[in-house]
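Written out below as structure tokens is the structure these notes cover.
The values are calculated or read from the model by the stated rules, or taken from the named source; none is laboratory data. Since this is a predicted model, take the numbers as computed values, not measurements. Here the Cβ positions follow ideal geometry from the backbone for every residue, glycine too, while neighbour counts run over all protein chains shown. Side chains are part of the model used for accessible areas, which takes the heavy atoms of the whole protein and leaves out ligands, DNA and RNA. Shrake-Rupley method; radii C 1.70, N 1.55, O 1.52, S 1.80 Å.
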Amino acid sequence: MARPLIKRFYHAYRRSTLVSVRAREQRTARALRREAFFDEAYYADRYPEIAGSGLDAISHYCRWGDAAGYSPHPLFDPLHYSGQYPDLPASGGRRLLHFLGQGRTSLATPHPLFDSAFYLEQSGPLVLPDESALLHYLREGEELGYWPHPFFDPSHYEASNPDLWSSPCKLAHFATDGGQEGRSPCWLFDPAWYRVQCPESELAQRSPLTHYQQAGDQAGLSPHPLFDPAHYSLQYPDLPRREGQRLRHYMLQGAFDGSSPHPLFDGGWYQRENSGALEAGMNPLRHFLESGQKEGLDPSPEFSCAAYFQKYPELDQRQVNPLVDHVIREAKGARSGEIPTGAPSESTRVSEHSGEQSRNLPTLLAFYLPQFHPIPENDEWWGKGFTEWTNVTKALPSYPGHEQPQLPSELGFYDLRLPEVRKSQAALAKEYGIGGFCYYYYWFEGRKVLERPLEEVVASGEPDFPFCICWANENWTRRWDGLEDDILLRQEHSLKSDYDFIQDVLPIFHDPRYIRVEGSPLLLIFRMIASKSRVRDGFPGTADQGPARRFEESPSVSLVGFEVGAFRPFVPRIDEHEPTGSARLLSGLVENRYEPVFVGRGTGAVVDGRR
């Protein structure tokens, strides 16, 4: 008897609950119809399943759509709105109802491309006291030329897309179709340029601008050829690296402070040199892009437009911006394996005043220690699970004020066996202006150690980031100072050993990401000079010395060497009468008919390719 009674009470409670829920849904639907903001045609087209539900668009949204994260209007993103009100119920249409009620006069943003605070700074006096910024924009703001967001210029969008002249709302078109189609939202965001850097933004079916806001800025991707995020961060190191904050800062403030958005565009210099040509309050980079090039104005003392047009006269006829063209050419060269310099090449970077060619800016290479993952050798020698993190965490201060240990921040205690870690490292390096990685390569007469990270980088093609190798050709000891006691792996040089090393690394040189100087691969050798007596024994006769002599006769050869301790680059002399271990190594390269040029002058890990 008790069970049927409980069952009756349960069904009664459920009926009353459903009635209450249905009543609330109906009230919400009536409120939404009164507001006339819900776009029924957009909703029905975007979510065709409502056709078989027996409900109209608004009722379907209130019953199912809100909870599922469906969008009721091109410019209302429920998930984006919920992020600002995490306690707001995500069902029954209450997110949209909240926006049209309490959120109406707040600075909450209904969509990633509508910034309420930014909009009110332009049109504040025109917005009615009980009217939301978005509703004002839809009613008259776009027609008056107001921007809804720093990254969307309605007049630019209309001028760039004459086929959309009849579109009632340019921002709504961009949010639903134009962004994914690759249309440009403003003068400083180039979707084609962005997608070349990040093809996955297209595969993810997101517009390039949406991808840039969600992930691209944090990854250090560039929104336009003449906006270099890493270079801009050097001037404003405290700026957040997310949601396009660096580009936003430049457009709203940095440009007018004389900041430089790119190494070859000096905003302060351009303003001073062309003060009479710039209208008050005009962004100097925008002036250069829209009219400066036509007037023959240079972007900085480092780049001459006249000299560039002289080299490529067809660009002047087509009214192509010379600096943009140069940056794109340089980027293409970097993707084909050349070292990206961030500056004009020898043939294009010409000083108009001196008549002499300037030299390339240096490319910074970061030495990459692959010991941040466990290997059997380290387990045996130093204890189970040993990695370089073990040493990092044990660091102690050596003097007052010496802050140790220095623990990792952005990437945490990473493991280099994980491909996502290696991709994050490359993105972080790129963001801070690093041009490539130089992996330490441990090779002991055929035995390799710590090789897994580089082998997986070569095999997978990821990350898409330039690299080279440094042969760490010294003894591996129990001491961390390079002394010869307690040797674990001995580094011996012999004719056969050096030739075998050449054979081992040749496939790596063929990787399209491998850093090249004037078309030839770059190799660093940790200890360049071997024992003279041992080396002399390796070349007993003139027949063995021939390759070394042929290599010496090549006028284009120089080497990078790093002597342990001082760690200063030097260029060794190859003497045919007293050949060194490095001479044997290089003769092996010549005999393999690979004929690479090993280039390096500068200090530390700065490689610039100058002779």
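Go through Q406, Q371 for me and flag whichever is more than 29 Å from P191 (Cα to Cα), out of contact with any strand residue (DSSP E or B) (no Cβ under 8 Å at 6 or more places or on another chain) and modelled with pLDDT of 85 or more.
Result of the check over Q406, Q371: Q371.
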Among (1) under 19 Å from H173 (Cα atoms); (2) touching a Leu at 6+ places or on another chain (Cβ under 6 Å), Y119 falls short only on (2)
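Take the residues in the stretch 141-155 that are out of contact with any helix residue (DSSP H, G or I) (no Cβ under 8 Å at 6 or more places or on another chain) and open to solvent by 20 Å² or more (accessible area, probe 1.4 Å); name whichever of them is farthest from S71 (Cα to Cα). Break it down stepwise before answering.
First, the residues of the stretch 141-155 that are out of contact with any helix residue (DSSP H, G or I) (no Cβ under 8 Å at 6 or more places or on another chain): 143, 153, 155.
If we keep only those that are open to solvent by 20 Å² or more (accessible area, probe 1.4 Å) as well, we get 143, 155.
Numbers: E143: 24, S155: 26 Å.
Applying the filter and picking the extreme gives S155.
Can you tell me which residue within the stretch 430-454, out of those that are among the charged types (D, E, K, R) and in a strand (DSSP E or B), is most open to solvent (accessible area, probe 1.4 Å)?
First, pick out the residues of the stretch 430-454 that are among the charged types (D, E, K, R): 430-431, 445, 447-448, 451-452.
Filter once more, so that each one left must be in a strand (DSSP E or B): 447-448.
Numbers: R447: 103, K448: 60 Å².
Among those that are among the charged types (D, E, K, R) and in a strand (DSSP E or B), it is R447.
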Out of (1) assigned to a helix (DSSP H, G or I); (2) within 15 Å of L32 (Cβ to Cβ); (3) touching a helix residue (DSSP H, G or I) at 6+ places or on another chain (Cβ under 7 Å), the one W64 does not meet is (3)
What pairs can you find where one residue is in the stretch 385-408 and more than 19 Å from L450 (Cβ to Cβ) and open to solvent by 40 Å² or more (accessible area, probe 1.4 Å), the other is in a loop (DSSP other than H, G, I, E, B) and basic (K, R), and their Cβ atoms are less than 9 Å apart, with a gap of 6+ or different chains?
P405/K394
Selection from the stretch 362-384 of residues open to solvent by less than 40 Å² (accessible area, probe 1.4 Å) and of a type in the set (A, V, I, L, M, F, W, C) yields L365, A366, F372, I375, W381
Every listed condition ((1) at pLDDT 90 or above; (2) open to solvent by 30 Å² or more (accessible area, probe 1.4 Å)) holds for K332 save (1)
Checking E158 against (1) open to solvent by less than 30 Å² (accessible area, probe 1.4 Å); (2) without any contact (Cβ under 8 Å) to a residue 60 or more places away in the chain: exactly one of these is not met. Which one?
(1)
Sole residue being over 26 Å from Q253 (Cβ atoms) and free of Cβ contacts under 8 Å to residues at least 60 places away in the same chain, chosen from Q84, Q102
Q102
Considering the stretch 27-53 alone, what residues qualify as being open to solvent by 30 Å² or more (accessible area, probe 1.4 Å), modelled with pLDDT under 85, under 23 Å from A172 (Cα atoms) and hydrophobic (A, V, I, L, M, F, W, C)?
A36
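Can you work out which of the residues in the stretch 236-272 that are polar (S, T, N, Q) and surrounded by 15 or more Cβ atoms within 10 Å (Cβ to Cβ) is farthest from L113 (Cα to Cα)?
Quick first cut of the stretch 236-272, residues polar (S, T, N, Q) only: 245, 253, 259-260, 271.
Filter once more, keeping what is surrounded by 15 or more Cβ atoms within 10 Å (Cβ to Cβ): 245, 259-260, 271.
Values: Q245: 13, S259: 25, S260: 26, Q271: 30 Å.
The residue in question is Q271.
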Cβ contacts < 6 Å: first residue closer than 14 Å to S222 by Cα, restricted to the stretch 416-431; second residue among the aromatic types (F, W, Y) and in a helix (DSSP H, G or I), any location; separation 6+ or different chain. Result?
none
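Among the residues of the stretch 501-515, is there at least one that is at pLDDT below 80 and of a type outside the set (V, I, T)? Please lay out each step first, then the result.
The first filter runs over the stretch 501-515 and keeps only residues at pLDDT below 80, leaving none.
There is no residue in the stretch 501-515 that is at pLDDT below 80 and of a type outside the set (V, I, T).
Pull up the stretch 54-81, narrow it to residues that are among the small types (G, A, S) and at pLDDT below 85, then point me to the one that is farthest from the chain's Cα centre (by Cα).
Initial filter on the stretch 54-81 (among the small types (G, A, S)): 54, 57, 59, 65, 67-69, 71.
When the remaining residues are screened for being at pLDDT below 85, the result is 54, 65, 67-69.
Working: G54: 48, G65: 36, A67: 35, A68: 33, G69: 30 Å.
Filtering first and then ranking leaves G54.
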Condition check for F118: of a type in the set (F, W, Y) and open to solvent by less than 20 Å² (accessible area, probe 1.4 Å):
no
Could you give me the residue pairs with C-beta distances under 8 Å whose first residue belongs to the stretch 211-231 and is without any contact (Cβ under 8 Å) to a residue 60 or more places away in the chain and acidic (D, E), whose second residue is surrounded by fewer than 23 Cβ atoms within 10 Å (Cβ to Cβ) and part of a helix (DSSP H, G or I) wherever it lies, and which are 6+ apart or on separate chains?
D217/Q245
Candidate set: the stretch 213-260, residues that are in a loop (DSSP other than H, G, I, E, B) and in contact with a Cys (Cβ under 9 Å, 6 or more places away or on another chain); chosen: the one nearest to M282 (Cα to Cα)
L221
Give S291, S304, S207, S259 a once-over and let me know the one that is small (G, A, S) and in contact with a strand residue (DSSP E or B) (Cβ under 6 Å, 6 or more places away or on another chain).
S304
